[in-house]
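Enquirer: I have a structure here, written as structure tokens, and I will follow up with some questions on it.
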Amino acid sequence: MADPSSYRPKPGQIPDSPGVYKFRDEHRRVIYVGKAKSLRPRLSSYFQDLANLHPRTRTMVTTAASVEWTVVSTEVEALQLEYSWIKEYDPRFNVKYRDDKSYPSLAVTLNEEFPRVQVMRGPKKKGVRYFGPYGHAWAIRETVDLMLRVFPVRTCSAGVFKNAARTGRPCLLGYIGKCSAPCVGRVTPEEHRELAEEFCDFMAGRTGQYLKRIEQQMHEAAEDMEYEKAARLRDDIGALRRALEKNAVVFNDATDADLIAVAEDELEAAVQIFHVRGGRVRGQRGWVTDKVEAVDTAGLVEHALQQLYGEEQGDAVPKEVLVPAVREDSPAVSQWLAERRGSNVSLRIPQRGDKKDLMATVQRNAQQALVLHKTRRASDLTTRSRALEEIADALGLDSAPLRIECFDVSHLQGDDVVASMVVFEDGLPRKSEYRRFQIKTFEGQDDVRSMHEVLTRRFRRYLQEKEKTGEWIQENGATEVPAEPEPNVEDDGRPKRFAYPPQLVVVDGGQPQVAAAQRALDELGIDDVAVCGLAKRLEEVWVPGEDDPVVLPRSSEGLYLLQRVRDTAHDFAIRYQRTKRAKRFRAGPLDEVPGLGETRKHALIKHFGSVKKLRSATIDQICEVPGIGRKTAETVAGFLAQAAPAAPAVNTATGEIIEDDEDIAAAAAVSPPERGQQE
């Protein structure tokens, strides 16, 4: 625990101007980001008597080891920079809202030649128009099914669309009139895009004018005695009205607004948002957060606004945002919202009328969400705490292992030997910290030697990162930190890959693997990290230097957590090993061409369809492939001319020789580059 006075800025150093500040811990990790209209009084408030600080603030300042700040011109710039730094550094003491579920939205992919209507979850994509989110996916599908009668926009996947275009036959929706069938040319791309835009306009709330236009067309058709057309338009109007009835009317003045309500207690807070478009509730979502910093309701609302609109632009930010409380610097927040929308945004507290009544409804939803979340999490939080305490007691640790790293080795009969590292913090997986290793110092099957290599590499990197911070260990074991860090210190505050040591290392295996792991730590001089192993046979916990295992009861929460950590590491290693093996099996002639990367291999196969056709192509034909220059084309042609033709591909299930060009292309295709971290 650090003394805040040890890193308190000297009098007169802190400027009296708007800015954003960062607190860092002893590992230079950013643990808190804040903004202030005036930095001097705000930062000074953190360095008063600890007894006068809020308990959460006291924990933060005693965890921190330094503070720094950046001066900006306006409060709006401070708000923008604070949001950017929170997203970049993910500080542990800042409020971070987490969705209580992944809400589905109705999406229209206007970024495609033939826009598609579909249910979509996850992060928003550029060029896609979103409506919602909705509580249930079936609600979206019911609405879309009603509207496809009037707006027959494409809803099929890319594969179905391409197959229909190839065969010249539309899908079932095309036959029953719920798709305009652009795949077979019934409508032009321009006509289909116009349908998609009309669909978006209707969903955005511009419904009255469109319904009046269809009614007028219906009457005109009836006057011209085109009764079938009039009947179809009448049915279209009925379908649209049934779709509108699914969204309750809450405002009669076609209001576009978001209503945000907060329910909180001492430890947690729940936020509920109702999205109102065209006077109707179009979507709802909610977040829950731990109150890790001392923040009031207005502060929670401001964090929710950053979370909600930080990545949005244009109409995604409504004209009006109704909230339960605002800070004194709300004009800065309103200006920030206006910049994201491109026009004025009203940020206010509803005082009377329909908007106040709807806010009360949103508040009740937030209160129910908080109660439901606490009911779900109570046992979970208690269980995790008990599991960590049981592990600490069983292994004789001084404190609960808040960070656990588990290592596992995987191979197939000695080939493609790999290892994995998974990280659990506070009993929960931290997937951004997962790592993969390739065994480099030897070939063949030797789990003990592999474990020693992986642990050595991981903790050698930890020591290297420790040296970069200017911290080193003297011969007598004392730790010393120089007053001034070295000039080449990497001081960006982002989580480094191996910068933070665990309290406990778990290996998948018994005594030999545990001994190898402990030997790796001893060779590096690391004596403050505990080691244990979990053997699969009897689920025994082995510790270094002991002839007998530690046996935890089968019903023990500590054993369950260790099993979960071990199984996660095993699955992560297996997936990596299978990926490497599959990539090796899919290797084709192009893999041997020097200087030819993955992207250009894919481009060549995509252009020619198969290696067989590529081998017979001329240099000029190869140059037609995007990204392939004359020199590269000559290299490819020369290498394929010298290389012997590959043996015929064989279907291993049937023994059939595959001679079709498309099958050969699929067999020879290069797998896309793997995503993820590798060490």
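The values are calculated or read from the model by the stated rules, or taken from the named source; none is laboratory data. Because the structure is a prediction, the values reported are computed rather than measured. All Cβ positions, even for glycine, are placed from backbone atoms using ideal geometry, and neighbour counts span all protein chains on display. These area figures cover heavy atoms from the full protein model, side chains too; ligands, DNA and RNA do not enter into them. Shrake-Rupley method; radii C 1.70, N 1.55, O 1.52, S 1.80 Å.
Enquirer: What residues have an amide H closer than 5 Å to that of Leu347, excluding those fewer than 5 places away on the same chain, when H is modeled at 1.01 Å from N in the peptide plane?
Expert: Val321
Enquirer: Over segment 1-96, what is the mean sequence separation of C-alpha contacts under 8 Å (at least six apart), divided by residue count, expressed as relative contact order in percent?
Expert: It comes to 40 percent, rounded to a whole number.
Enquirer: Let me ask something additional. Provide the FRET efficiency to the nearest 0.05 for the Arg56-Arg461 pair, computing r from the beta carbons and using R0 = 41 Å.
Expert: Efficiency, from the Cβ-Cβ distance: 0.80.
Enquirer: Per the 1.4 Å probe, what fraction of the accessible area of segment 427-469, in percent, lies on carbon and sulfur atoms?
Expert: Carbon and sulfur together cover 44 percent of it.
Enquirer: Something else about it: Assuming 0.36 nm per residue, please report the length gained on full extension of the stretch Val371 to Glu228 beyond their Cα-Cα distance.
Expert: Full extension of this stretch gives 46.0 nm more.
Enquirer: Residues with amide H under 5 Å of Glu540's amide H, sequence separation 5 or more or different chain, H placed in the peptide plane at 1.01 Å from N; which?
Expert: Ala535
Enquirer: Can you list the residues, at least 5 places off or on another chain, whose amide H is less than 5 Å from the amide H of Ile31, using H built in the peptide plane?
Expert: Amide H neighbours of Ile31: Phe23, Arg24, Asp25.
Enquirer: Then there is this: Apply 1/(1 + (r/R0)^6) to the Cβ-Cβ distance of Asp527 and Thr579, taking R0 = 60 Å, and write down the FRET efficiency to the nearest 0.05.
Expert: Efficiency for this residue pair is about 0.95.
Enquirer: So, one more: Read phi for every residue in segment 61-68 and hand back ³J(HN,Hα) as whole Hz from Karplus 6.51 cos²θ - 1.76 cosθ + 1.60, θ = phi - 60°, with x for Gly and Pro.
Expert: 5, 7, 7, 5, 10, 6, 9, 9
Enquirer: Using θ = phi - 60° and the Karplus relation 6.51 cos²θ - 1.76 cosθ + 1.60, list the HN-Hα couplings for segment 597-614 in order, rounded to whole Hz, with x at every Gly or Pro.
Expert: Those phi angles translate into x, 4, 5, 6, 4, 4, 4, 5, 5, 5, 6, 9, x, 6, 5, 4, 5, 5 Hz.
Enquirer: Using a 10 Å cut-off on Cβ atoms, rank the peptides 295-303, 601-609, 67-75 from the highest mean neighbour count down.
Expert: Peptide ranking by packing, descending: 295-303, 601-609, 67-75.
Enquirer: Moving on to the next point. Ignoring ligands, DNA and RNA, what accessible area per residue does segment 271-342 give at 1.4 Å, in Å²?
Expert: In whole numbers, segment 271-342 has 33 Å² accessible per residue.
Enquirer: If you take the beta carbon distance between Glu268 and Thr167 as r and set R0 to 35 Å, what does 1/(1 + (r/R0)^6) give as a FRET efficiency, to the nearest 0.05?
Expert: My answer for the efficiency is 0.05.
Enquirer: So how much accessible area does Ser6 have, in Å² to the nearest 10, using a 1.4 Å probe?
Expert: Estimated to the nearest 10 Å², Ser6 gives 90 Å².
Enquirer: A follow-up question, please. Ranked highest first by average number of other Cβ atoms within 10 Å, how do 500-509, 540-549, 560-569 line up?
Expert: 500-509, 560-569, 540-549
Enquirer: Averaged per residue, what accessible surface does segment 1-100 expose to a 1.4 Å probe, in Å²?
Expert: Roughly 49 Å² per residue, with all protein chains present.
Enquirer: Going 7 Å from the Cα of Val71 along its beta-carbon direction, which residues of segment 23-56 have the amide nitrogen within less than 15 Å of the resulting point?
Expert: 36-41
Enquirer: From the phi of every residue in segment 297-309, what ³J(HN,Hα) in whole Hz does the Karplus formula 6.51 cos²θ - 1.76 cosθ + 1.60 yield, where θ is phi - 60° and glycine or proline is x?
Expert: Result, rounded to whole Hz: 4, 4, x, 4, 5, 5, 4, 5, 5, 5, 5, 6, 10.
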